[in-house]
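For reference, the structure discussed in these notes is given below.
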Amino acid sequence: MTVWDRPEPPPPAPPLDRGRIVAAAVALADEGGLEAVSLRKVAARLDVGPMRLYGFIATKRDLLDLMVDEVHAEILPERPPGDWRETLRVHAERTRQAALRHEWLADLLGGRPTLGPHGLAVTEARLAALDGLADLDTVLCAVATVSAYVTGAIRREVADLRAERATGLSTREWQRASGPHLTRMLATGRFPALSRAVHDGTDTDAGTSFATGLEWVLDAVAARLTRPGV
């Protein structure tokens, strides 16, 4: 066999680092949800063997933690907002925007705190915004209360988006399709409060609903902060 007939060896393996691994995992999750993410699939996306990933990440849980922390970098604004209320409002809105870009985030919000550098920076900014305005337990409860509202609202909105894709019906189309059944049920007179809500309530979009509820929660926090002795 001549030198011209001998195949050349494959090029060196592409360089790998934790940032590239996490970016590939986030891309997979954006495309197909968390079920599309595994160490094997991430390795395939990077065109490397799965065993190469274990030098950087031991388990899928580690990978998910890194993915959540990566998205937390999108939540922290470049410049700190003004007062505590604006800080919590901006963080809430940016969290919602991040979850709409990365719907899988809704499944991982809440629970145990994020310990990555970006997640810790977000928590630090929220606590620092309220520092000195009340005792520490009140501050912790205020931040947790706002976070609980944001998490719940985001999960509901993302669930509605998923239902729309699964059924092929928008919320308004689903309401029209369900209208005859609901009309029959309300006509029984068993649900007077619900009947008033359906017939007289104002239909608002998800963004307006989120912003309105957030302001109510912040009003409650403000009232608590101004209470004597707090």
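The values are calculated or read from the model by the stated rules, or taken from the named source; none is laboratory data. Bear in mind that the values here come from a model prediction, so they are computed numbers and not experimental data. Using ideal geometry, Cβ is built from the backbone for each residue, glycine included, and neighbour counts are taken over all protein chains shown.
Restricting attention to region 184-206, does a residue exist that is closer than 16 Å to Glu93 by Cβ and modelled with pLDDT of 95 or more?
No.
The rows are residues; the columns are (1) surrounded by 11 or more Cβ atoms within 10 Å (Cβ to Cβ); (2) of a type outside the set (A, V, I, L, M).
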| residue | (1), (2) |
| --- | --- |
| Glu173 | yes, yes |
| Thr188 | no, yes |
| His199 | no, yes |
| Thr202 | no, yes |
| Ala211 | yes, no |
| Asp219 | yes, yes |
| Ala223 | no, no |
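Pick from Leu100, Leu130, Leu140, Leu120: which is in contact with a Phe, Trp or Tyr (Cβ under 6 Å, 6 or more places away or on another chain) and of a type outside the set (Asp, Glu)?
Details: Leu100 fails: in contact with a Phe, Trp or Tyr (Cβ under 6 Å, 6 or more places away or on another chain); Leu140 fails: in contact with a Phe, Trp or Tyr (Cβ under 6 Å, 6 or more places away or on another chain); Leu120 fails: in contact with a Phe, Trp or Tyr (Cβ under 6 Å, 6 or more places away or on another chain).
Exactly one residue qualifies, and that residue is Leu130.
Pick from region 121-177 the residues that are in a loop (DSSP other than H, G, I, E, B) and among the small types (Gly, Ala, Ser): which of them is modelled with the lowest pLDDT?
Result: Ser170.
Filter region 72-90 down to residues that are closer than 21 Å to Glu157 by Cα and in contact (Cβ under 8 Å) with a residue 40 or more places away in the chain, then give me how many there are.
Filtering region 72-90 down to residues closer than 21 Å to Glu157 by Cα leaves 72, 74-75, 88-90.
Going one step further and asking which of them are in contact (Cβ under 8 Å) with a residue 40 or more places away in the chain, we end up with 72, 75, 88-89.
Total satisfying the criteria: 4.
State whether one or more residues within region 189-201 are under 30 Å from Val37 (Cβ atoms), out of contact with any His (no Cβ under 8 Å at 6 or more places or on another chain) and not small (Gly, Ala, Ser).
no
Within region 148-166, identify whether any single residue is touching a residue at least 40 places away in the same chain (Cβ under 8 Å), surrounded by 11 or more Cβ atoms within 10 Å (Cβ to Cβ), under 23 Å from Arg85 (Cβ atoms) and of a type in the set (S, T, N, Q), and answer yes or no.
yes
Please specify each residue of region 28-71 satisfying the condition of being assigned to a helix (DSSP H, G or I) and free of Cβ contacts under 8 Å to residues at least 12 places away in the same chain.
Once the filter is applied, which keeps residues that are assigned to a helix (DSSP H, G or I) and free of Cβ contacts under 8 Å to residues at least 12 places away in the same chain, region 28-71 yields Glu31, Gly32, Glu35, Ala36, Arg40, Ala43, Ala44, Pro50, Met51, Arg61, Asp62.
Within 16 Å of Val68 (Cβ to Cβ) and loosely packed, with under 13 Cβ neighbours inside 10 Å - does that describe any residue in region 115-136?
Yes: region 115-136 contains one or more residues that are within 16 Å of Val68 (Cβ to Cβ) and loosely packed, with under 13 Cβ neighbours inside 10 Å.
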